[in-house]
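The structure appears below as structure tokens.
Nothing in this text is a laboratory measurement; each read-out follows from the coordinates by a stated rule. Since we're looking at a predicted model, the values are computed, not measured. Quick reminder, even Gly has a Cβ in these numbers, built from the backbone with ideal geometry, and neighbours come from all protein chains shown.
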Amino acid sequence: MRSHGLQTRQVQLVDGNGIDFKTGKVLLNNITNSRPFDWTVAGEARLYDAMLTPEGLAEIKTYAEGIGPWKAYIVPLKIAPWKDSNADGTPYKGSTPEASTQDATSLVADAHKLGLFVHVFTFRNEKKYLAADYRGDPSLEYLKFYRLGVDGVFSDFTHTGVAARAAYLRELGW
């Protein structure tokens, strides 16, 4: 992009296709959401999670200043205890409001070690997008990520993100 004259900071987005709530792992099982399109065209077999390894982050550093990972790569979500089926016998899949947050991964620290900033996506206010730990309060989710050291967030509800950031800065005494 720079060879075409772009003179701005660049962020490599790192997507996923869903969450396996039994294991807490990000699903990468859809060709559309599991790897960058240019990798698909080039016949590259790697998936987005390859970008989050030390080698992948170092590669990103050669062309971008930051990463924009999906939230679940930083704070995994899991449902425990897990049930295999619903009362009617259909397979149980779970949902975000039933899931609990797990210990954070080292992704923020790993990216920062290389000088990459971290802008996480996408924060929303609706309860159906919030893990059980947040008790329906989206500001608790923002605060969790700010406390983990993210540099910014992508949000569909700017006012909530800004208010949570102000609360976080007050916690720090700013």
Open item on the list: Any residue at all in the range 95-116 that's within 14 Å of the chain's Cα centre (by Cα) and assigned to a strand (DSSP E or B)?
Closed with: yes
Task: Any hit, the range 149-169, residues being surrounded by 13 or more Cβ atoms within 10 Å (Cβ to Cβ), acidic (D, E) and within 17 Å of P97 (Cβ to Cβ) - done: no
Open item on the list: Step by step: first the residues of the range 19-45, then only those that are without any contact (Cβ under 8 Å) to a residue 12 or more places away in the chain and within 27 Å of S85 (Cα to Cα), then the one that is farthest from the chain's Cα centre (by Cα). Which residue is that?
Closed with: D20
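Taking strands (runs of 3 or more DSSP E) that do not extend beyond the range 1-87, which have at least 1 residues that are more than 26 Å from S155 (Cα to Cα)? Give the steps one after another, and end with the answer.
Numbers: elements: 11-14, 18-20, 25-27, 66-69.
Fully inside the range 1-87 and qualifying: nothing.
Filter the range 124-174 down to the residues that are part of a helix (DSSP H, G or I) and among the small types (G, A, S) and list them by number. It would help to see each step written out before you state the result.
Within the range 124-174, the subset part of a helix (DSSP H, G or I) is 127-129, 132-134, 138-147, 158-171.
Selection gives A132, S139, G161, A163, A164, A166, A167.
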